[in-house]
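Input: a single structure, listed below in structure tokens.
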Amino acid sequence: MADPYRLKPALQVIREGNPGKRSIRETVRIPAAALVEPDWTDTFPPVRGNQERTKVNARCRAVASEEWQRVVPVLTQNAGLGDVDTAALKDYCVCVARIDECERELSRNGLLLMGERGWQKNGATTIVGQYRTQLSRYIRELGLSPSARTSLTAPEIDPDDDIFD
């Protein structure tokens with residue numbers, strides 16, 4: 001009978017630090033699980049009486065879903081992610097959708113806006129900067145950049161393990 005657990009790279013060591021100075025090549029065993037895409041309408045709901053906000057949230061849902069579908073298969077295969085990683089992946093996708101929203105705002109209204117005291121920086125520039133900082137943390141944590149992938153190892157797969165059982 002196949003082991004219901006698969007080997008996972010030491011993402012826990014990467015996330016939590018390495019106070020015991022363990023080898024980064026150590027592995028953590030977690031149950032194999034399919035990651036289920038969240039219901040994006042919980043995060044980006046339609047807004048009654050506000051057609052513009054509803055439109056923006058619909059685009060955010062589409063961007064988040066597209067990003068989820070793009071990265072989850074790769075991460076599941078290469079990094080051995082499981083159910084416990086759903087929250088981090090959801091937050092990653094929300095960051096991508098919010099960055100898209102901010103960039104669209106900046107494209108529509110510009111980097112500077114005329115305010116009561118003259119030209120002022122569009123608030124979306126600050127917000128997008130904060131989201132990009134958070135996104136870079138998720139990219140490192142999830143191994144989505146080339147440098148982050150060097151510290152990850154692919155899970156060992158038993159050739160006798162039939163994934164379609």
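The values are calculated or read from the model by the stated rules, or taken from the named source; none is laboratory data. Computed from a prediction, not measured in an experiment: that's the story for all the values here. We place every Cβ from the backbone using ideal geometry, glycine too, and count neighbours over all the protein chains shown.
Here are some notes:
- Pick from segment 82-107, criterion exposed (fewer than 14 other Cβ atoms within 10 Å of the Cβ) and at pLDDT below 95, ranking: nearest to residue 67 (Cα to Cα): 87
- Matching residues, segment 122-138, being touching a residue at least 24 places away in the same chain (Cβ under 8 Å) and under 13 Å from residue 89 (Cα atoms): 134, 135, 138
- Any hit, segment 92-99, residues being under 24 Å from residue 42 (Cβ atoms) and touching a Pro at 6+ places or on another chain (Cβ under 6 Å): no
- Top-ranked residue of segment 108-157 - restricted to ones that are at pLDDT below 90, under 17 Å from residue 73 (Cα atoms) and of a type in the set (A, V, I, L, M, F, W, C), ranked as surrounded by the most Cβ atoms within 10 Å (Cβ to Cβ): 142
- Where residue 81 falls short, out of the listed (1) in a helix (DSSP H, G or I); (2) in contact with a helix residue (DSSP H, G or I) (Cβ under 6 Å, 6 or more places away or on another chain): (1)
- Screening segment 33-62 for residues that are surrounded by 14 or more Cβ atoms within 10 Å (Cβ to Cβ) and under 18 Å from residue 88 (Cβ atoms) and picking the one that is modelled with the lowest pLDDT gives 33.
Yes or no, residue by residue, for (1) among the hydrophobic types (A, V, I, L, M, F, W, C); (2) within 22 Å of the chain's Cα centre (by Cα):
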{"position": "60", "(1), (2)": "yes, yes"}
{"position": "67", "(1), (2)": "no, yes"}
{"position": "77", "(1), (2)": "no, yes"}
{"position": "93", "(1), (2)": "yes, yes"}
{"position": "103", "(1), (2)": "no, yes"}
{"position": "121", "(1), (2)": "no, no"}
{"position": "125", "(1), (2)": "no, yes"}
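- Selection of first residues in segment 97-119 that are over 20 Å from residue 61 (Cα atoms) and of second residues that are surrounded by 11 or more Cβ atoms within 10 Å (Cβ to Cβ) and among the basic types (Lys, Arg), restricted to Cβ pairs under 8 Å at least 6 apart or on distinct chains, gives the following pairs, ordered by first then second residue: 111/121; 112/121; 113/121.
- Where a residue in segment 140-159 is within 17 Å of residue 85 (Cα to Cα) and in a helix (DSSP H, G or I) and its partner, wherever it lies, is modelled with pLDDT under 75 and among the charged types (D, E, K, R), with Cβ under 9 Å and at least six apart: 141/15
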